[in-house]
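> Dropping a structure here in C-alpha cells format, bear with me for questions.
The values are calculated or read from the model by the stated rules, or taken from the named source; none is laboratory data. Quantities reported herein were computed from a predicted structural model and do not represent experimental measurements. Positions of Cβ are generated from backbone atoms using ideal geometry, with glycine treated the same way; all protein chains shown enter the neighbour counts. The accessibility values were calculated without ligands, DNA or RNA, using every heavy atom of the protein model including side chains. Shrake-Rupley method; radii C 1.70, N 1.55, O 1.52, S 1.80 Å.
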Amino acid sequence: SVLLYQKPNRDICQSGTSLKIQCVADSQVVSMFWYQQFQEQSLMLMATANEGSEATYESGFTKDKFPISRPNLTFSTLTVNNARPGDSSIYFCSSRDSTYEQYFGPGTRLTVL
Amino acid sequence: GDQVEQSPSALSLHEGTGSALRCNFTTTMRAVQWFQQNSRGSLINLFYLASGTKENGRLKSTFNSKESYSTLHIRDAQLEDSGTYFCAAATNYGSSGNKLIFGIGTLLSVKP
C-alpha cells in the first residue's frame, strides 16, 4: 500500500490569489495523480505527474491554471492559479503501489471567496 | 470515451438488510476498485480486483472483465456503512494512459 499525506487539510482564499497543495508519499512512487471532487459529485482526474517530466493534463485542465511539480519520487505540489469560486472543491492526490492498486490522500478542501 | 456507469445513485437500507451496487463499463477495463467515502471525505479502499471475487467481512465484490461489470454486495448493513460508495475502473495499459476512472457514486443510507 501507499500512504499519502496532504497539506493543508483545508484552505480559504480570495478570488484571484494562488495557493499550493502539497502531497507526500511514504514511499517512492512512479506516478502521482491529482483529482478534483465537487460537492456531492464524483472524482475527476486532473493530471498525472511523473518525476522529472511535465505533468499530463486531462481535458478541461491546463498547466497554466493548475501547474504541478514533481521534483522527486515522494513529493508533488498542485498549484491553483487565479483561484475562482468555481474552483472550490476537494483536491486529492493519489498514487499506486507495486500491484497497481491506487490509494488516495485525505484531500484538501478549498473554498474560494 | 471510457465510461463507468454506476447504479443505483442512492440506496436506503434498514440495519441488518443487504443489497448490491453495480458498475457497467463501456470498454474493457484492466481492473476495478471499490471505495467508501466517509463523512469526513476520506476515501477508504475496499477492494481491488483484476478478476474474480473477493470477500471482506460483510462485503463481497466481483469483477467480470469479459462482460464488463463489477458488483459490490453488502450484507447485514450497519449504521456505520452509511456513506458514498464509488467504483473506479482502471483502463488498459497503453490505452488512455492507464487511468482510474470513477463512477458517479452510490449514496448509501443505513437506517435503524
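> Within the range A:72-91, identify whether any single residue is charged (D, E, K, R) and facing another protein chain (nearest Cβ under 10 Å), and answer yes or no. Outline the logic, then answer.
The first filter runs over the range A:72-91 and keeps only residues charged (D, E, K, R), leaving A:84, A:87.
Then keep just the ones that are facing another protein chain (nearest Cβ under 10 Å); that gives none.
Looking through the range A:72-91, none of the residues is charged (D, E, K, R) and facing another protein chain (nearest Cβ under 10 Å).
> If you don't mind, another one. Considering the range B:14-41 alone, what residues qualify as being over 14 Å from B:Ser82 (Cβ atoms), over 10 Å from the mean Cα position of the chain (by Cα) and polar (S, T, N, Q)?
B:Asn24, B:Thr26, B:Thr27, B:Thr28 - these are the residues of the range B:14-41 that are over 14 Å from B:Ser82 (Cβ atoms), over 10 Å from the mean Cα position of the chain (by Cα) and polar (S, T, N, Q).
> Being under 18 Å from B:Ile104 (Cα atoms) and among the polar types (S, T, N, Q) is true for just one of B:Ser51, B:Ser68. Which residue is that?
Values: B:Ser51 fails: under 18 Å from B:Ile104 (Cα atoms).
Result: B:Ser68 is the single residue among B:Ser51, B:Ser68 that is under 18 Å from B:Ile104 (Cα atoms) and among the polar types (S, T, N, Q).
> While we're on this one: Looking only at the range B:61-71, decide whether some residue is more than 12 Å from every other protein chain (Cβ to nearest Cβ), in contact with a Phe, Trp or Tyr (Cβ under 8 Å, 6 or more places away or on another chain) and open to solvent by 30 Å² or more (accessible area, probe 1.4 Å).
Yes, the range B:61-71 contains at least one residue that is more than 12 Å from every other protein chain (Cβ to nearest Cβ), in contact with a Phe, Trp or Tyr (Cβ under 8 Å, 6 or more places away or on another chain) and open to solvent by 30 Å² or more (accessible area, probe 1.4 Å).
> Of everything in the range A:21-55, what is exposed (fewer than 14 other Cβ atoms within 10 Å of the Cβ) and either part of a strand (DSSP E or B) or among the aliphatic types (A, V, I, L, M) (or both)? Give them in sequence order.
Correct list: A:Val30 only.
> Return the residues of the range A:64-86 that are touching a Cys at 6+ places or on another chain (Cβ under 9 Å) and not β-branched (Val, Ile, Thr); say none if nothing qualifies.
Listed by number, the residues that qualify are A:Phe75, A:Ser76, A:Leu78, A:Ala83.
> Name the single residue that is most open to solvent (accessible area, probe 1.4 Å) among those in the range B:18-50 being in contact (Cβ under 8 Å) with a residue 60 or more places away in the chain and farther than 14 Å from B:Leu72 by Cα.
Keep residues of the range B:18-50 that are in contact (Cβ under 8 Å) with a residue 60 or more places away in the chain, which gives B:21, B:23, B:25, B:27-30, B:33, B:37.
Imposing the further condition that a residue be farther than 14 Å from B:Leu72 by Cα reduces the set to B:25, B:27-30, B:37.
Working: B:Phe25: 17, B:Thr27: 49, B:Thr28: 78, B:Met29: 7, B:Arg30: 35, B:Gln37: 20 Å².
So, considering only residues that are in contact (Cβ under 8 Å) with a residue 60 or more places away in the chain and farther than 14 Å from B:Leu72 by Cα, the one most open to solvent (accessible area, probe 1.4 Å) is B:Thr28.
> Does the range A:18-32 contain any residue that is modelled with pLDDT of 95 or more, among the basic types (Lys, Arg) and over 11 Å from the mean Cα position of the chain (by Cα)?
Taking every residue of the range A:18-32 in turn, none turns out to be modelled with pLDDT of 95 or more, among the basic types (Lys, Arg) and over 11 Å from the mean Cα position of the chain (by Cα).
> Quick one: which strands (runs of 3 or more DSSP E) lie wholly within the range A:67-113 and hold at least 3 residues that are open to solvent by 20 Å² or more (accessible area, probe 1.4 Å)? I'd like the intermediate steps shown before the answer.
Values: elements: A:68-72, A:75-80, A:89-96, A:102-104, A:108-112.
By residue number, A:68-72.
> Also, quick follow-up: So which residues in the range B:72-92 are more than 11 Å from every other protein chain (Cβ to nearest Cβ) and open to solvent by 20 Å² or more (accessible area, probe 1.4 Å)?
B:His73, B:Arg75, B:Asp76, B:Gln78, B:Leu79, B:Glu80, B:Ser82, B:Asn92
> Go through the range B:5-93 and tell me which strands (runs of 3 or more DSSP E), entirely inside it, have 2 or more residues that are modelled with pLDDT under 95.
On the way: elements: B:10-14, B:19-25, B:29-37, B:43-49, B:52-56, B:59-64, B:69-74, B:83-91.
Filter on the range B:5-93 gives B:29-37, B:83-91.
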